[in-house]
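Input: a single structure, listed below in structure tokens.
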Amino acid sequence: RNPMKYHLNQEYQIYLDDELFENRDQNYVLTNFQKALLKKEFFKTNQIPLDNTVMPKGVFGDALNDYLNEEREKNHQFLMNLGIKRSDIFQIELRDDINKVEQIGSSSWLAPSLTLSLAPGHTVHIVGLLENITEQGFLVLNRHSLDNIWCLWPSLLAATIVNSTLNKPFSPALHFLSSSKSIYYNIEKPIEELQSFVSFYSIYSKNFCPILPEWLSTMANDPVEKIQSKIKADLQSEHFYNSYAKSIFNSRELPEKNELEMWSIWLKKQFSQSLNSMGLFK
């Protein structure tokens with residue numbers, strides 16, 4: 001989601017406070033991270049935890065409680081329209097200490113890690129937990145946006161690959177509960193696409209990379225001049241969330257045209273299949 005943040009964190013141990021509107025001294029303001037945890041727990045249990053220390057008190061807590069209950073009703077109706085019951089939701093844990101698929105509960109599976117060969121002698125193993133999966137696709141608690149699609153795409157690819165070994169039907173789709181919107185995709189080569197993302201990770205973890213979700217479309221389709229204009233406009237906007245990008249570009253000029261052109265060409269070559277699957281090519 002944020003290559004610049006990862007690069008500064010890992011390479012230089014630079015951490016910026018990018019939780020806008022946070023006030024740690026007041027109980028009526030939640031950080032984005034706290035909101036995400038509360039929303040995730042609420043969706044999983046279908047009720048607000050009584051011992052939750054994140055929930056605000058007083059009128060602000062009451063307002064948030066009303067909002068979450070409205071979200072519950074909206075989510076319920078959206079899932080009903082999709083033909084999805086809560087019992088249909090399952091999770092898959094990818095582990096490198098097992099060699100066969102195993103069902104450990106009505107809604108939980110274990111599966112061997114995904115092995116990807118990036119180059120001769122360079123193999124990686126993908127492990128982790130894939131949650132909120134249904135036969136109709138992924139359930140996403142967030143709103144529909146390009147940055148959320150880009151962030152979730154590797155998980156969607158992994159789920160597409162793994163479900164083929166579970167003998168379970170699976171539709172490569174993202175269902176955004178906050179927006180009540182579903183998008184269905186045609187993914188022909190999920191393994192190759194996932195290899196591209198892993199290679200991208202190894203590059204931006206060690207190098208400055210201007211490829212952000214907000215700039216994907218323009219970098220995939222527009223000439224360099226328009227790419228520069230888009231970046232400049234975003235950096236000047238008070239609504240642009242990325243404090244790491246603003247910090248980097250406040251201390252240096254915008255990327256040179258030849259640098260942006262190089263990244264644009266690389267993006268279209270590296271992610272041609274994924275960009276096409278997402279419908280980002282104009």
Subject >> Ile98 - accessible surface, heavy atoms, 1.4 Å probe, Å² rounded to 10 >> reply: 40 Å²
Original post:
Which value, in Å to one decimal place, does the Kirkwood hydrodynamic radius take for the stretch 121-251 when every pair of different Cα atoms is included?
Top reply: 16.9 Å
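Give the ranking of Cys209, Cys151 by solvent-accessible surface, highest area first, calculated with a 1.4 Å probe.
Working: Cys209 0, Cys151 55 Å².
Largest to smallest exposure gives the sequence Cys151, Cys209.
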**OP:** Please calculate the 1.4 Å probe accessible area of Leu152, with all protein chains present, and give it to the nearest 10 Å².
**Re:** 50 Å²
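Could you grab the relative contact order for the stretch 165-235? Cα pairs under 8 Å, six or more apart, rounded to a whole percent.
Across the stretch 165-235, relative contact order equals 15 percent.
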**OP:** Express in Å², to the nearest 10, the accessible area of Tyr241 obtained by rolling a 1.4 Å probe over the protein heavy atoms while all chains stay in place.
**Re:** 80 Å²
Original post:
What is the distance, in nm, between label points placed 7 Å from the Cα along the Cα-to-Cβ direction at Ile191 and at Ala233?
Top reply: 4.2 nm
Subject >> Exceeding the 22 Å Cα-Cα cut-off - candidates Lys168/Lys189; Lys230/Lys268; Lys206/Lys269; Lys226/Lys269; Lys85/Lys189 >> reply: Lys85/Lys189
Original post:
Which residues' amide hydrogens lie under 5 Å from the amide hydrogen of Ser108, considering only partners 5 or more residues apart or on another chain, with H built in the peptide plane?
Top reply: Gln91
Original post:
When only DSSP loop residues count, what trypsin sites (Lys or Arg not before Pro) in the stretch 131-216 have their Cβ near at most 16 other Cβ atoms within 10 Å?
Top reply: Arg143, Lys206
Subject >> Per-bin percent of Cα-Cα distances, the stretch 221-282 [5 Å] >> reply: 4, 16, 22, 20, 22, 14, 3, 0
Original post:
What span do the alpha-carbon atoms of the stretch 102-190 cover on each of the three principal axes, reported in whole Å from largest to smallest?
Top reply: 43, 32, 21
Subject >> Whole-number D in µm² s⁻¹ for the stretch 128-174, Kirkwood Cα-pair radius fed into Stokes-Einstein, 10 °C, 1.306 mPa s >> reply: 145 µm²/s
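With an 8 Å cut-off on Cα pairs and a minimum separation of 6 or more residues, tell me the relative contact order of the stretch 121-176 in percent. It would help to have the intermediate numbers written out before the result.
On the way: 46 pairs, mean separation 26.6, N = 56.
For the stretch 121-176, the relative contact order is 47 percent.
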Subject >> the stretch 209-282, relative contact order in percent, only Cα pairs under 8 angstrom and at least six apart counted >> reply: 44 percent
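Arg86 to Asn69: extension gain in nm, 0.36 nm per residue of separation minus the Cα-Cα distance?
4.5 nm
What do the square roots of 5 times the Cα gyration tensor eigenvalues come to for the stretch 172-216, in whole Å, largest first, as semi-axes of the equivalent ellipsoid?
26, 17, 8
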Subject >> Cβ-Cβ FRET estimate between Ala119 and Gln77, R0 fixed at 45 Å, reported to 0.05 >> reply: 0.40
**OP:** Would you kindly derive the ³J(HN,Hα) couplings of the stretch 154-159 from the backbone phi angles with the Karplus curve 6.51 cos²θ - 1.76 cosθ + 1.60 (θ = phi - 60°), listing them in order in whole Hz, with x for Gly and Pro?
**Re:** x, 5, 5, 5, 4, 5
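The values are calculated or read from the model by the stated rules, or taken from the named source; none is laboratory data. Values in this document were obtained by computation on a predicted structure and should not be read as measured data. Methodologically, a virtual Cβ is constructed for each residue, glycine included, from the backbone with ideal geometry; neighbour enumeration extends over all protein chains shown. Ligands, DNA and RNA are excluded from the accessible area calculation, which covers all protein heavy atoms including side chains. Shrake-Rupley method; radii C 1.70, N 1.55, O 1.52, S 1.80 Å.
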